[in-house]
Amino acid sequence: MTLKETKYFTLDEANRTLPFVRRVVSDIVVSYRSWKQRVYQYELVAGEGNTTVESEEQRKLREEIDEVAHRINRFVAELKPIGCVFKGFDDGLVDFHSEMDGREVFLCWKLGEDSVEHWHEIDVGFAGRQQLVTSVGTGEGE
């Protein structure tokens, strides 16, 4: 897939990716929480210091922050070949390009959900998420 190609998913195709996507997104969310905690600790330690020189504790925390950030980037990169769009570090949001009634939409999945059961318009985002009530590109008869 080239940079300009967009993978469009049927509902069945999106759901078939979930075992892998779920594992990777779970790793991202857990790592992101760890990263946020380390950033918070770094800020606390930095706020206690009376010098502009980084302390040993700050240096160690910064290195851990960088290490976790690199791990998160590797997880996100694992999703790229699938063709889905990772959207949310806190909740583990993933969108899948799809078509509905002749227009482009996103099939929407969130970590903790059993399957892809929601969609939203491309320009609306998660706030406009709606329950799927019709078959969206199930792959049958296409």
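Bear in mind these aren't lab numbers, they're just calculated from the coordinates by the rules spelled out. Here the structure is a predicted model, which means the values were calculated and not measured. Methodologically, a virtual Cβ is constructed for each residue, glycine included, from the backbone with ideal geometry; neighbour enumeration extends over all protein chains shown.
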Item to check | Förster radius 25 Å - calculated FRET efficiency between VAL45 and ARG71 (Cβ-Cβ, nearest 0.05) | outcome: 0.70
Checklist outcome for this item: Expressed in nanometres to one decimal, the distance between label points 7 Å along Cα→Cβ at GLN37 and LYS7 is 3.2 nm
Checklist entry - What size of dipole, in debye to the nearest 20, comes out for the chain about its Cα centre when the only charges are +1 on Lys and Arg C-beta atoms and -1 on Asp and Glu C-beta atoms? => result 300 debye
Item to check | Relative contact order (%) - criterion: Cα under 8 Å, at least six apart; region: the chain | outcome: 29 percent
Checklist entry - What angle do you read, to the nearest 10 degrees and between 0 and 90, between the alpha-carbon axis of helix 56-79 and the longest principal axis of the chain? => result 10 degrees
Checklist entry - If the cut-off is a Cα-Cα distance under 28 Å, which lysines reach LYS110, setting aside same-chain residues fewer than 8 apart in sequence? => result LYS4, LYS7, LYS36, LYS80, LYS87
Item to check | Calculated [θ] (222 nm, deg cm²/dmol) that DSSP helices of n ≥ 4 give over the chain, each run adding -39,500 (n - 2.57) | outcome: -16000 deg cm²/dmol
Item to check | Listed candidates (1) -0.31, -0.45, -0.58; (2) -0.60, -0.74, -0.85; (3) -0.23, -0.36, -0.51 - label of the one calculated as log10 I(q)/I(0) by the Debye sum over Cα atoms at q = 0.08, 0.10, 0.12 Å⁻¹ | outcome: (1)
